[in-house]
Amino acid sequence: AKAAGRNVVRFFEPEMQARAEMRFMLESELRRAVEQEELRLFLQAQVDARGAIRGAEVLLRWHHPRRGLVPPASFIPIAEETGLIVELGDWVLRRGCALLTHPEIAANSLRISINVSPRQFHHAGFVGRVRDILTETGADPSRLTLEVTEGLVIDKVHQTAATMSELSALGIHFSIDDFGTGYSSLAYLKRLPINELKIDRSFIQDAPEDPSDAALVDTILAMAAHLRLSVVAEGVETQAHADFLAARAEMLYQGYLYGRPAPAEVFIASLAQHRD
Ligand code: C2E
Ligand code: CA
Ligand code: CA
Ligand code: CA
């Protein structure tokens, strides 16, 4: 146990230092990044069982002029801690909603899914800002899905329910991201206006070979069916993953098997090609 403890500490320290450096960089540079267009929206397809694209998830990328590509996993949590996520998240929402009005996206009636962090969701005036963004961009709220995490649903249940209900009344859909990795209770899920569960890719990964992961996926699918929620499977990388899922229930598929996240303009150009 001592040896393990030492290993943990050695792993932990550089990680902490990297986070401290990242936080420092962020506080001075992220605002500039938004202004100077260093942030880009990538899109990843969500396809049906026939392989037809039904929607896309917006995934943020930061092309830092010196540090290169900074992955969202290393700057989103710190943007969340510092509160910068509010401004950053609004920027993503505005750009993501603008994509909904793109002729190629609209012509195919694609949905756009946008990740919303807990702090952004609970920040005062979130509903008003979403309304303003919808008005400014002219986006159809009924083609917008907001992806939230289980943690958000469990914390501040009453506030969450109120905010979700107001947005849901506009036609916006809610999806529970990384479903199964948190601890949502069925009771909470039932009381909130949720439309979709996203099965976390950690469950999909080994499900075709591992009976316990397969059982977890089955449990999630049963829950979704019981609550009449649609399902998106994340991290579908292989035909074996797709076959495993297709044998079980109707759902949408998202993962490298169908396409990696691509710059929004590249994704849209490929839609046009697809159709011709
Ligand atoms: P997420 O919402 O769970 O997004 C799915 C992640 O899985 C993405 O990582 C995506 O690139 C990756 N992925 C997609 N298909 C596959 C696959 O087949 N195999 C594997 N191994 N991975 C796959 P990414 O783009 O690095 O984003 C990481 C996380 O950062 C996201 O996880 C999300 O929590 C967060 N994030 C990204 N963009 C935003 C944003 O605009 N706002 C907020 N609040 N969070 C964001
Ligand atoms: Ca997501
Ligand atoms: Ca995930
Ligand atoms: Ca996530």
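Annotations
- Across segment 164-252, C-alpha contacts under 8 Å between residues 6 or more apart give a mean separation that, scaled by the residue count, equals a relative contact order of 27 percent.
- Net charge of Cβ neighbours under 15 Å - reference Phe126; Lys, Arg +1; Asp, Glu -1: -2
- Computed over every Cα-Cα pair of the chain and binned at 5 Å starting from 0, the pair-distance distribution P(r) comes out as 1, 5, 12, 15, 17, 17, 15, 10, 5, 2, 1, 0, 0 percent.
- Counted by Cβ distance under 13 Å from Tyr188, the other residues give a net charge of +1, where Lys and Arg count +1 and Asp and Glu count -1.
- Gyration tensor (alpha-carbon) shape descriptor, segment 86-157, a/c threshold 1.5: prolate
- In a simple Cβ point-charge model (Lys, Arg +1; Asp, Glu -1; nothing else charged), segment 30-96 has a dipole of about 260 debye relative to its Cα centre.
- Think of the chain as a dipole: +1 on every Lys or Arg Cβ, -1 on every Asp or Glu Cβ, centred on the Cα centre; then among Ala187, Thr160, Gly51, Thr160 lies furthest on the positive end.
- Of all DSSP beta bridges confined to the chain, the antiparallel ones make up roughly 40%.
- Taking all pairs of distinct alpha-carbon atoms in segment 39-148, Kirkwood radius in angstrom: 14.7 Å
- Summed over all non-identical Cα pairs, the Kirkwood treatment of segment 148-214 gives a radius of 12.9 Å.
- Of the chymotrypsin sites (Phe, Trp or Tyr not before Pro) in segment 128-206, those whose Cβ has at most 16 other Cβ within 10 Å and which sit in DSSP loop: Tyr183
- Rg/Rh for segment 225-276, where both radii come from Cα atoms and Rh is the Kirkwood radius: 1.07
- P(r) of segment 126-276 over all Cα-Cα pairs, binned every 5 Å from zero, in whole percent: 2, 8, 16, 18, 17, 16, 12, 7, 2, 0
- Other residues lying with their Cβ under 14 Å from the Cβ of Glu136 contribute a combined charge of +1, Lys and Arg counting +1, Asp and Glu -1.
- Ordered by the count of other Cβ atoms within 10 Å of each Cβ, fewest first, Ser165, Ser175 give Ser165, Ser175.
Each reported figure results from applying straightforward, stated rules to the coordinates on display, with no laboratory input. Fair warning: this is a prediction, and the values are worked out from it, not measured in the lab. All Cβ positions, even for glycine, are placed from backbone atoms using ideal geometry, and neighbour counts span all protein chains on display.
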